[in-house]
Amino acid sequence: MAKSGHKSESCFVLRAAVAFAFIAVAATEAQAISLNQYLQQVQTDSNSYKATTTQAEGNNLESREADLIFTPKLFAEFSTGSDGKPSQPKMYDRVHTDTYILGVSQQFDFGLQGKLYYTSTRTEFDNAGSAFTMSKYWDAVPKLELSLPVWGNGFGRTARANEDLVRQGNYAEQYQASYQSTAYLAQAEAAYWKLSAWGDVVRIQETASKSAQDILSYVQRKRSMNLGENADVVQARALVEARGLELQVARNEQRESLRNFNRFLNKPATTPVDNLETVPYSTLEKITVPQARPGERYDVKATQAQLQTAKANAVIAKERNRPTLDIYSTYALNGRDDSYSEAMKNAGYTDTDTGYVGLRFNMPLNIGAASDAKAGADLNVRAAEYNREYALYAQEQDWINLTQNLSDARDNLVLLGKIENAQKTKLEVERTRLRQGRTTTYQVLLFEQDYSAAALTRVKSAANILGLQTQIKLYQASPEEGK
């Protein structure tokens, strides 16, 4: 009875140990980081990524400053002072004034500049003479001022250019920042897959290194029995050294990949990484290479905004160095009384109004310098056009190269998969022949080397495809400017 209970207890312990083992394995698998999880962590933890995305958002909001150029503006002014300078004949000792101004102004896109404001002035004389009917009074003056440039900055050309300058300048910076953040995520994805692929590379190199060591041991045994040549031992030892070097290089590259992987997360360089997604070899052999470009790259869109900025700068430079001819007018109503309310009431009549119409002319006398400045602005525009044209051409060439390289790499991967399978089949056949006594261990070890080399080439080809695929994401710019 006791023996049966002890047996049941042992079975329970065994089952519990197995259950805990399965839980541990499941927990280990749960900790594996997927590509999407990694990219989300990059977006959350990388200060570089957050800097570029924040800058792009800031530039987009800052472009709204252009909307302020043609919006009404409220202005106000207050001043107080006194004047005691002597007059001849002397009519008062000192005059005190308090002035209040409140109004709105606006620059219109067709060039008209307008100001409508109300001025209230309180005036008081000390020891005013008999010639003054009022020693203190209020002036109430509603006033309208209009100005329209018709030559330099004619009909609002400079104002509209300033609007484009502010808006397109911010768009250019926004697109550059968006390109940097998009490229950063693409680089992070490439770093993820390289680390995953180099795990396979290290495992293959370890197998190849062990195989080379087995070959050396095999030929050394044969040599010790006088059944082999020293040349075979020397050659096998050279093979071991070569495979050892390749393994060391693979491990060094794996550590470098780990450092690069952690760099995108702002983590210490040697922080260990959980299991990653395995390289999807069979999926990569069937990828569809896009023929049409999904969109423009953000850096190419930036050249369009830079071109518009150059054009706006050219307009401003030309208008600034042209002669100016402005038509202006002023109209005001005037009311005066010792009572402020009565002064405001009197300002409602036109029999005491004031009106002016005039012309203002200004022209630079250094005609040569003005002409050179305008010519320089035109050259800057042409340079921006060249830059834009080249960016479009380079983008198209880059896309053609990318899709062709991706297509070639996919086809190569298919062939490499067939070669690897052939090498694997050859190795399995040779192992079967070894069990049948129809071949030598040395031959099997050589075939293992061939198989390892084929597998290694296939892994690196797959990693190349994954790197090329990340570059497609650079061509995802939104068609909406500044959004």
Testing Q404 on (1) closer than 30 Å to A302 by Cβ; (2) part of a helix (DSSP H, G or I); (3) out of contact with any Leu (no Cβ under 9 Å at 6 or more places or on another chain); (4) modelled with pLDDT under 95, one condition comes back false. Which one is that? (4)
So which of Q423, Q395 ends up being out of contact with any Asp or Glu (no Cβ under 6 Å at 6 or more places or on another chain) and farther than 24 Å from S257 by Cα? Q395
Top-ranked residue of region 343-362 - restricted to ones that are part of a helix (DSSP H, G or I) and touching a residue at least 40 places away in the same chain (Cβ under 8 Å), ranked as most open to solvent (accessible area, probe 1.4 Å): M344
Give the number of residues within region 124-167 that are in a loop (DSSP other than H, G, I, E, B) and either among the charged types (D, E, K, R) or in contact with a strand residue (DSSP E or B) (Cβ under 7 Å, 6 or more places away or on another chain) (or both). 4
Identity of the residue in region 113-132, of a type in the set (G, A, S) and at pLDDT 90 or above, that ends up farthest from the chain's Cα centre (by Cα): S120
Filter result for T441 (open to solvent by 40 Å² or more (accessible area, probe 1.4 Å) and modelled with pLDDT of 90 or more): no
If you scan region 461-478, which residues turn out to be assigned to a helix (DSSP H, G or I) and either surrounded by fewer than 17 Cβ atoms within 10 Å (Cβ to Cβ) or free of Cβ contacts under 8 Å to residues at least 12 places away in the same chain (or both)? K473
Subset of region 187-212 [farther than 25 Å from Q469 by Cα, touching a residue at least 40 places away in the same chain (Cβ under 8 Å) and either small (G, A, S) or surrounded by fewer than 22 Cβ atoms within 10 Å (Cβ to Cβ) (or both)]: E206, T207, A208, S211, A212
Residue list for region 407-438, restricted to those being open to solvent by 80 Å² or more (accessible area, probe 1.4 Å), in a helix (DSSP H, G or I) and among the basic types (K, R): K418, K424, R431, R435
Any residue at all in region 68-78 that's open to solvent by 50 Å² or more (accessible area, probe 1.4 Å), out of contact with any Leu (no Cβ under 7 Å at 6 or more places or on another chain) and assigned to a helix (DSSP H, G or I)? yes
Is it the case that region 370-392 has a residue that's part of a helix (DSSP H, G or I), open to solvent by less than 40 Å² (accessible area, probe 1.4 Å) and more than 30 Å from R322 (Cβ to Cβ)? yes
Yes or no: V104 open to solvent by 50 Å² or more (accessible area, probe 1.4 Å) and assigned to a strand (DSSP E or B)? yes
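The values are calculated or read from the model by the stated rules, or taken from the named source; none is laboratory data. Computed from a predicted structure; not experimentally measured. Don't worry about glycine lacking a Cβ; one is built from the backbone with ideal geometry, like all the others, and counts go over all protein chains shown. Ligands, DNA and RNA are excluded from the accessible area calculation, which covers all protein heavy atoms including side chains. Shrake-Rupley method; radii C 1.70, N 1.55, O 1.52, S 1.80 Å.
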